[in-house]
């Protein structure tokens, strides 16, 4: 699974299972980039077909991925990883505590788009 930060500073997505259309990927990248520019929050989005741990124990794998990718600044705790696991029909979120208020902003924005 490729670290999205290795592609370009404007790419926040690693779409391993090719779930997102180019339009969707552009929209998500734009949201993540705006949140990074405005609040300093690093949000990475990853899609995978499956992950180790089974459907009820996915967090350790994604926490390790979060740390491996070095999301956010550990001195201000501003990283978020959103993982979509297709075979388990789950979304996992790993985040630093300071990113909680930004997550609320994202959730509100997403709900307004529906």
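The values are calculated or read from the model by the stated rules, or taken from the named source; none is laboratory data. These figures come from a predicted structure and were not determined experimentally. We place every Cβ from the backbone using ideal geometry, glycine too, and count neighbours over all the protein chains shown.
Considering only segment 70-84, state which residues are touching a strand residue (DSSP E or B) at 6+ places or on another chain (Cβ under 6 Å) and within 14 Å of residue 41 (Cβ to Cβ).
Looking only at segment 70-84, we keep the residues that are touching a strand residue (DSSP E or B) at 6+ places or on another chain (Cβ under 6 Å), and these are 71-72, 79-84.
Passing the criteria: 71, 72, 79, 80, 81, 82.
Kindly indicate whether any position in segment 87-106 is at pLDDT 85 or above, touching a helix residue (DSSP H, G or I) at 6+ places or on another chain (Cβ under 8 Å), surrounded by 13 or more Cβ atoms within 10 Å (Cβ to Cβ) and not in a loop (DSSP other than H, G, I, E, B).
no
Just checking, how many residues over segment 55-72 are over 15 Å from residue 14 (Cα atoms) and touching a residue at least 12 places away in the same chain (Cβ under 8 Å)? Walk me through how you get there before you give the answer.
So the first thing to find is which residues in segment 55-72 are over 15 Å from residue 14 (Cα atoms), and the list is 55-61, 63-64, 67, 72.
This time we only want the ones that are touching a residue at least 12 places away in the same chain (Cβ under 8 Å), so: 55, 58-59, 63, 72.
Of the residues in that region, 5 qualify.
Identify the residue in segment 41-71 that is outside any strand (DSSP E or B) and touching a helix residue (DSSP H, G or I) at 6+ places or on another chain (Cβ under 9 Å) and, among all such residues, is surrounded by the most Cβ atoms within 10 Å (Cβ to Cβ). Steps first, please.
Step one: filter segment 41-71 for residues outside any strand (DSSP E or B), giving 41, 49-71.
Retained after the next criterion (residues that are touching a helix residue (DSSP H, G or I) at 6+ places or on another chain (Cβ under 9 Å)): 41, 51-53, 69-71.
Details: 41: 27, 51: 23, 52: 9, 53: 15, 69: 20, 70: 12, 71: 25.
Ranking the qualifying residues of segment 41-71, first place goes to 41.
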